[in-house]
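One structure below.
What follows is calculated from the coordinates using simple rules that are stated; it is not laboratory data. In this text, all values refer to a predicted model and were calculated from it rather than measured experimentally. Cβ placement follows ideal geometry from the backbone for every residue including glycine, while neighbour counts extend to all protein chains displayed.
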Amino acid sequence: MSNYSIHFSPTGGTKKVADILTRALGGAWQEVDLCRENEAMTLTGEDLCLVSVPSYGGRVPAVAVERLRRIRGGGAKAVLVCVYGNREWDDTLTELQDVLEELGFVCAAAVAAVAEHSMFRQYAAGRPDADDAAELTGFAGKLREKLECGVFGPIEMPGKHGDYKPFGGGAFKPEATGGCTGCGICAERCPVGAIDPEKPQTVDRDRCISCMRCIALCPANARAVDANVVAAVAQRLEPLLGGHKENHLYL
Ligand SMILES: Cc1cc2nc3c(=O)[nH]c(=O)nc-3n(C[C@H](O)[C@H](O)[C@H](O)COP(=O)(O)O)c2cc1C
Ligand code: SF4
Ligand code: SF4
């Protein structure tokens, strides 16, 4: 039996949640990073997978679905993790469940957890924090008991199966500012190859999925989206993004 932590986490919030859960579940975990092109793999009913994605516009990021489709579940147990940036996750968990079941996974449990919003960083800033870690660790204890008893009924969670919310969250396309040194780190780490390594100052706007990874990784702090536009959108979304949001566990 092997444990796999399969994650798509451009700016690291989703990975933080996944790491808290794998640490609390215990044992050795092999990492499958969906921010890179992944090899095809086939699992078995003996395997356990934590599959973690951020919510993008209430959906699973399309590139993560594309890369998950290279994995054959073979009856492996999946724990679904959706990480959201203090608004809502809408159909993300149900879409992830539909994709994984189609691939032959058995969905054993699901978690929706809060992390700092990767675009509007003032929302859920610093989360997952120590309280989240304690709560997620408690979840993992109950999850371990459920995994040990080996009986997995249908998981009831909010969201639609099919006819998902149309995706509409990818309007911001970061570009380099004057301080760009041409180091190429953003091009190398962009999950979808939207930055030309020979000309990292520009971006292929059609490919870019607005994941904000290039901004988070740039060592010269030289990648940005228009701050005025981001501030205006954040202000419009304040009623949806503000306040303290909860983590949820579906067993
Ligand atoms: C393109 C995009 C769309 C997003 N859409 C949502 C959303 O619909 N609801 C929400 O609560 N957070 C949303 N977020 C915030 C992310 O879900 C959250 O910050 C998550 O932690 C990002 O994952 P990462 O840190 O692993 O990159 C969005 C972020 C991005 C970049
Ligand atoms: S990571 Fe920053 S400095 Fe390096 S090429 Fe990209 S934008 Fe330029
Ligand atoms: S160019 Fe777009 S897709 Fe690539 S890392 Fe930057 S925001 Fe993400």
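In this structure, the amide hydrogen of S2, modeled 1.01 Å from its nitrogen in the peptide plane, lies closer than 5 angstrom to those of D47, L48, counting only residues at least 5 positions away or on a different chain. Here is the list for segment 93-168: GluC sites (Glu not before Pro) lying in DSSP coil, each with at most 11 other C-beta atoms within 10 angstrom of its C-beta, are E156. Highest GNM mean-square fluctuation among N228, N86, N38, for the chain modelled with Cα contacts below 10 Å: N228. For a 4.7 Å threshold on C-beta separation, the list of partnerless cysteines in the chain reads C35, C49, C82, C107, C149, C180, C183, C190, C208, C211, C218.
Against the main long axis of the alpha-carbon atoms of the chain, helix 130-149 sits at an angle near 30°. Across all Cα atoms of the chain, the radius of gyration (one decimal) and Dmax (whole number) stand at 18.1, 58 Å.
Between the alpha-carbon centres of segment 183-238 and segment 17-51 there is a gap of 27 Å. A Cβ-based charge dipole, computed about the Cα centre of segment 86-150 with Lys and Arg at +1 and Asp and Glu at -1, lands at about 260 debye.
In terms of surrounding Cβ atoms within a 10 Å radius of their Cβ, R70, R127, R236 rank from fewest to most as R236, R70, R127.
Lys-Lys pairs in the chain that are eight or more residues apart or on separate chains and whose Cα atoms lie under 18 Å of each other come to 4. For the chain, a crude dipole built from +1 on the beta carbon of Lys and Arg and -1 on the beta carbon of Asp and Glu, taken about the Cα centre, is about 340 debye to the nearest 20. Among F139, F8, sorting on how many other beta-carbon atoms sit within 10 Å of each Cβ, with the fewest leading, yields F139, F8.
Using a/c under 1.5 as the rounded threshold, could you call segment 65-164 rounded, prolate or oblate? The axes a ≥ b ≥ c are square roots of the C-alpha gyration tensor eigenvalues, and prolate needs a/b larger than b/c, oblate otherwise. It is oblate, given that a/c is not under 1.5 and a/b is not larger than b/c. Placing +1 on the Cβ of every Lys and Arg and -1 on the Cβ of every Asp and Glu, with no other charges, gives segment 175-224 a dipole of roughly 140 debye about its Cα centre.
Helix 13-25 and the long axis of the chain differ in direction by around 20°, with both axes built from C-alpha atoms.
Have a look at P128, G75, G138 and report the one farthest towards the positive end of the charge dipole of segment 70-155, computed about the Cα centre with Cβ charges (Lys/Arg +1, Asp/Glu -1). Of the listed residues, the answer is G75. Listing C180, C214 from fewest to most neighbouring C-beta atoms within 10 Å gives C180, C214. Every helix of 4 or more DSSP H residues in the chain counts as -39500 (n - 2.57), and over all residues that averages to -9000 deg cm²/dmol at 222 nm.
In units of the compact-protein estimate 2.2 N^0.38 Å, segment 175-224 shows a Cα radius of gyration of 0.95. Relative to the dominant Cα principal axis of the chain, helix 227-241 is inclined by about 30°.
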